[in-house]
Protein chains: 4
Amino acid sequence: MHVTVWNEYVHEQQEERPRELYPDGMHATISADLREHGYDVTTATLDEPEHGLTEEMLEETDVLVWWGHRKHDAVSDDVVERVKSHILDGMGFIPLHSSHESKIFKALMGTTCELSWREADERERIWILEPGHQIAEGLDQQIVLEETEMYGERFDIPEPDTLVMVSWFEGGEVFRSGCCYRRGSGKIFYFRPGHETCPIFHNDEVMRVIRNAIDWAAPVDGPDVQFEAVEPPLESLDE
Amino acid sequence: MHVTVWNEYVHEQQEERPRELYPDGMHATISADLREHGYDVTTATLDEPEHGLTEEMLEETDVLVWWGHRKHDAVSDDVVERVKSHILDGMGFIPLHSSHESKIFKALMGTTCELSWREADERERIWILEPGHQIAEGLDQQIVLEETEMYGERFDIPEPDTLVMVSWFEGGEVFRSGCCYRRGSGKIFYFRPGHETCPIFHNDEVMRVIRNAIDWAAPVDGPDVQFEAVEPPLESLDE
Amino acid sequence: MHVTVWNEYVHEQQEERPRELYPDGMHATISADLREHGYDVTTATLDEPEHGLTEEMLEETDVLVWWGHRKHDAVSDDVVERVKSHILDGMGFIPLHSSHESKIFKALMGTTCELSWREADERERIWILEPGHQIAEGLDQQIVLEETEMYGERFDIPEPDTLVMVSWFEGGEVFRSGCCYRRGSGKIFYFRPGHETCPIFHNDEVMRVIRNAIDWAAPVDGPDVQFEAVEPPLESLDE
Amino acid sequence: MHVTVWNEYVHEQQEERPRELYPDGMHATISADLREHGYDVTTATLDEPEHGLTEEMLEETDVLVWWGHRKHDAVSDDVVERVKSHILDGMGFIPLHSSHESKIFKALMGTTCELSWREADERERIWILEPGHQIAEGLDQQIVLEETEMYGERFDIPEPDTLVMVSWFEGGEVFRSGCCYRRGSGKIFYFRPGHETCPIFHNDEVMRVIRNAIDWAAPVDGPDVQFEAVEPPLESLDE
């Protein structure tokens, strides 16, 4: 299983609190955890040529984890098309937190993916709705994050194929925090936590969800689908 | 559109607070609102012969609204079978609140329909997830109930065909409060509010949801489905 | 209910068989049927300024019916964005047949929307899977088209929110022919029939489906959704 | 992974053709294939005490494969309740073919699970709709069975959580042949093939699907869900 962790890597270089939490970037923290648990991991960031997402790189990637926020527009349309094509061909995709507004997530969903929000370091309770889902493996009924940014409904997404988690926020909102989608041959899991000024990716349960999601989203060696004229017909049309 | 409102009608006869709120029973309060809005309504209660749900009665019912709690087991299995058969044949069904554990809802869902709860008169915010759904007509983004019983996830139901509402509770829980299902030719909308010691059915927005759900669940005059041996085949098998 | 019927209107002007079947274009035939059944209808075609889909026009449209095939690429990206925005805001959308590859349908689905096909004038049986769905009103269990183009699976779409119809083809294929989606506040029904060299839109049952779909996709006056920072919090964060 | 294969085991003892195809019963043929592929398998049949499905047996079972037809009514209600309880607690369940009308499948679905049929040894083409699904691993785009019983829509089931396969039949029908459901903590895959007078379970692709479905339906060690009063509240209600 080869995982690529992509990070915009802007906040951690420009702001104090994110740098303290993630001195080498969120991608480094996430990757370290994954490697510890036996995954083969590469990282890529916005500033690399082709944002580090070359055709060769994607060809070798089973699951792509994505964190973006301030620089969504700086991701080139060509790279977005390339990533989308790989996802539809079977690569798993795990957009985190503010990646709900990334070009690639919006292109896959077909909606605005907008939401309400509040930065007030309030408490979040992520409730697991589907205890029998692969992504719930090893979890308790809820994950509590003592201080985080709020995301609230209406979250403008297509209804998830499976809704695994819903968050409760201290200030009064709810949010669909763990959403599974199948698009083309690829599997997508949007996971809400990940605000850059909170130690979210140092939380064991959050990382457990990410690892479970990677396992769930791994490509399947299914039928080689042809989109073409079928001639002659499978069944005779002679009669 | 003919609506039947069924009520167990026990709390309102035996306990003070429910009697104050609903002197003639919750079914009377709900029916009065529906009639005011132009619906043709009949009521039925547990103590009537066949619980008021005779074959003739159901034959004339387009949508059945249901409230039960303490006496789920007192509903006869024959009546449950009869109601289920009418739902599968196209009658709409709106189980309210504690009806999540009614025999009829459990028989339609195939799961335990259990949940967590707390009676502490806490605040509930019912968030509308799907603003374009027929059941959201005329609503605001949330319905706030200042004092109500809490219901919390895990709610052991099949994933809804459409999840229209999720509730936030002051004490920390979330709950899938407005759930659409299609079973057989019938449409079902489970709606959470309705605790007997709170004036829930005197709330205009709650009643608006119930009326919207009745409109949504109205029977459709679709194909007359046959379950039988198809002989001779539609297409020749001669070749 | 105001319906706009959009047609590429190329085949009927350039090829003999389509012109015979639809001398004034498919949009004229479809519109005539809708008007007969009491709908208020406007038509629009590719060659009009802004393809006939101005902001004013879309503002007044409840449901947009769409037929395109050869000239998908000639539809301007600006108009596609405008149409998409209206759909997400609640306008119904009914893409027909070869519109599966229109820019607007692909943008809403997020997938390639590709499929297999064969032009051999073979028999199609459209089976109604959901007899209780509004779009099945007044239909029989199947619609038989004696001669049509074949579309076969794999159809690269997101799994429909509700799958209402599946087609059987004489040559051996199946196809998801009637697919409901909810995107933003809008409702979408993809309907397969409509090949330009067959008298599909002269078929009463096909037109019944289109009218049912229009009724189903009509906009709802739901909550006015805000995507914004929520300050101050609904609940106090003081504790 | 421990699999239990349950078989009614009536046709193979009473009729010539099933006996020729499955001299030791279909359960023996299915089990042999599973053992060859490394699964730990036990079998159980109707005539054993408690139909071979004791509490101890189910406690050790990860996934239960089920074939029944003529003797659905002979399965005791107590055993059905016990099996259902284990499925809701996380045991996988793979009902095959005529098991669509078994007590246990109907109890889980909440609908009649009826369908149309024809015994005419006609051709079936099982199309894979979801090439990226775990159950499609290693398959081609279709599985062709040259001679089998026909099952046709309307199949009276809840809309599947994921529809993986749809069948085409020579005589003109289609059928939802591979249907995934999540109920409680358990996963269910209904798979259509398996007529007792055809060598269906000697077909490598059919057996591949069954093995894939077993892998997909394996239990997950998720949250230990409590259905109970939550006191005191997680969050203080003091304010």
Just to be sure before I move on: is C:Glu205 in contact with a Leu (Cβ under 9 Å, 6 or more places away or on another chain), of a type in the set (Asp, Glu) and either in a helix (DSSP H, G or I) or more than 7 Å from every other protein chain (Cβ to nearest Cβ) (or both) in the structure I sent? yes
Check on B:Arg192, modelled with pLDDT of 95 or more, out of contact with any strand residue (DSSP E or B) (no Cβ under 7 Å at 6 or more places or on another chain) and basic (Lys, Arg): no
For region D:184-204, enumerate the residues that are closer than 17 Å to D:Trp216 by Cβ and of a type in the set (Phe, Trp, Tyr). D:Phe189, D:Tyr190, D:Phe191
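Got a sec? Which of B:Ser31, B:Ser102, B:Ser76 is of a type in the set (Gly, Ala, Ser), closer than 29 Å to D:Gly186 by Cβ and free of Cβ contacts under 8 Å to residues at least 60 places away in the same chain?
Details: B:Ser31 fails: closer than 29 Å to D:Gly186 by Cβ; B:Ser76 fails: closer than 29 Å to D:Gly186 by Cβ.
After ruling out the rest, the residue left standing is B:Ser102.
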Can you tell me which of (1) within 17 Å of the chain's Cα centre (by Cα); (2) on the phi > 0 side of the Ramachandran plot is the one B:Pro193 doesn't meet? (2)
Contacts under 7 angstrom Cβ, first residue in region C:220-239 being within 7 Å of chain A (Cβ to nearest Cβ) and closer than 16 Å to B:Ile143 by Cβ, partner among the β-branched types (Val, Ile, Thr) and assigned to a loop (DSSP other than H, G, I, E, B), 6 or more apart: none
Restricting to region C:176-202, give me the number of residues that are away from chain A (no Cβ under 13 Å), over 22 Å from D:Phe175 (Cα atoms) and of a type outside the set (A, V, I, L, M, F, W, C). 6
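Rundown of residues vs (1) buried (at least 24 other Cβ atoms within 10 Å of the Cβ); (2) away from chain B (no Cβ under 14 Å); (3) out of contact with any strand residue (DSSP E or B) (no Cβ under 8 Å at 6 or more places or on another chain), yes/no style:
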| residue | (1), (2), (3) |
| --- | --- |
| D:Glu59 | no, yes, yes |
| D:Leu64 | yes, yes, no |
| D:His72 | no, yes, yes |
| D:Val75 | no, yes, yes |
| D:Lys84 | no, no, yes |
| D:Gly90 | no, no, no |
| D:Phe93 | yes, no, no |
| D:Lys103 | no, no, yes |
| D:Ala107 | no, no, yes |
Failed condition for B:Asp215, given (1) outside any helix (DSSP H, G or I); (2) more than 10 Å from chain D (Cβ to nearest Cβ); (3) out of contact with any Leu (no Cβ under 7 Å at 6 or more places or on another chain), with all others met? (1)
Just need a number here: residues in region D:146-175 that are within 14 Å of chain B (Cβ to nearest Cβ), in a strand (DSSP E or B) and either crowded, with 23+ Cβ neighbours inside 10 Å or not aliphatic (A, V, I, L, M) (or both). 12
Flag for A:Ile143 being away from chain C (no Cβ under 14 Å) and surrounded by 24 or more Cβ atoms within 10 Å (Cβ to Cβ): no
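The values are calculated or read from the model by the stated rules, or taken from the named source; none is laboratory data. It should be emphasised that the depicted structure is a prediction, and the values quoted were computed from it without experimental measurement. Glycine gets a Cβ as well: all are built from the backbone with ideal geometry, and neighbour counts include every protein chain shown.
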